[in-house]
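Engineer: Before I ask anything, let me first share the structure, which is written out below as structure tokens.
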Amino acid sequence: MANWEGKTRGGSFGYLFFIGLIKYIGIRAAYVFLAFVVVYFIPFAPKATACTWRYARKTLKQSRLKSIGLLFRNYYRLGQTLIDKIAINSGLTDKYEFKFEHYQEFLDVLNSQQGVIMMGGHIGNWEIGAPFFGDYGKNINIVMYDAEYQKIKDIVEKNTANRNYKIIPVNNDTLTHVFQISEALNNHEYVCFQGDRYVNADKLLAATFMGREAKFPAGPFLLASRLKVPVVFYFAMREKPMTYHFRFTLAQPVSRTRGSKPEQALLEQYVTNFEHILTEYPEQWFNYYEFWKENEN
């Protein structure tokens, strides 16, 4: 299986170009130009395109015509989420509408004076919710692989407002991130994981996902099940027009049984929630590598 390499697509010029469009012409102008960028990406990002094509054909069982449409919508939605992230972090929040599901239950968990683990995935615009958590935002720690190009991250940060959350970078050569995660939870802060990508192929859990066996990173589920802190599944999905729908689901407590380990039980809950979201928004999963077994026919 071809593993994800921990890098986000895109070049520094592209980011600067869209930042300029948003600032001087407007968000909708950036959306219009995005359509031309998508047409470019379909043939010139062959690996990502091939993965999305197989996802449409083998997993979603779509026809060739519908698969072509999903390819375009997938890249377009990815571009929109990046544009929206820049716009909202630049202070243009009033241009958007926001809907919340189980929001009070979510806030009750955050107010429980204990560490909280939030789990999402590379679907929708997961990171965009941080500005709406208000004072809670300063206690949010997002765990992410630090293999993204530093130059691009610097450009985005210089051209947008300061983020109100913290980053815990993952480096597989050290265990620094493990201590940072433990410290944050001990301080009653909130640690956010993406549960649908992995870099280390030696530490995985398996589950049936969308009807096919798939591998997931073991770390987040092991940690969440052993530390006995509340776990919330969180997704922020883009809807028309310029609306985001935030979904929060509190995970049920897990324990070891004769037939299942606690981390596996937690993974099963995550998969169930993820499948539900993916069924509603199939074009918003931005996971550009071979997620399922490549030896399947």
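The values are calculated or read from the model by the stated rules, or taken from the named source; none is laboratory data. Note that the structure is a prediction, hence the values are computed from the model and not measured. Reconstructed Cβ throughout: ideal geometry from the backbone, glycine too, with neighbour counts over all protein chains shown. When the accessible area is computed, the model is the full protein with side chains, heavy atoms only, and any ligands, DNA or RNA have been set aside. Shrake-Rupley method; radii C 1.70, N 1.55, O 1.52, S 1.80 Å.
Engineer: Anything over 18 Å Cα to Cα? Flag those among Lys99/Lys240; Lys138/Lys240; Lys99/Lys138; Lys85/Lys166, in the order listed.
Structural biologist: Flagged as over cut-off: Lys138/Lys240; Lys99/Lys138.
Engineer: Now for a different question. Measuring from label point to label point, each 7 Å out along Cα→Cβ, what is the Leu60 to Tyr289 span in nm?
Structural biologist: Result: 2.2 nm between the two label points.
Engineer: Something else about it: Heavy atoms only, probe 1.4 angstrom, no DNA, RNA or ligands counted: give me Glu105, Glu213, Glu189 ranked by accessible area, highest first.
Structural biologist: From most exposed to least exposed: Glu105, Glu213, Glu189.
Engineer: Here's another thing I want to ask about it. What relative contact order, as a whole-number percentage, does the chain give when Cα pairs under 8 Å and 6 or more residues apart are counted?
Structural biologist: Value for the chain: 27 percent.
Engineer: Also, quick follow-up: Classify the chain as rounded, prolate or oblate from the Cα gyration tensor: take a ≥ b ≥ c as the square roots of its eigenvalues, call it rounded if a/c is under 1.5, otherwise prolate when a/b beats b/c and oblate if not.
Structural biologist: It is oblate, given that a/c is not under 1.5 and a/b is not larger than b/c.
Engineer: If you count only protein heavy atoms and use a 1.4 Å probe, how large is the accessible surface of Lys95, to the nearest 10 Å²?
Structural biologist: 120
Engineer: Which of rounded, prolate, oblate describes the stretch 33-112, given a ≥ b ≥ c as roots of the alpha-carbon gyration tensor eigenvalues and a/c under 1.5 marking rounded, otherwise prolate only if a/b is larger than b/c?
Structural biologist: Verdict is oblate for the stretch 33-112.
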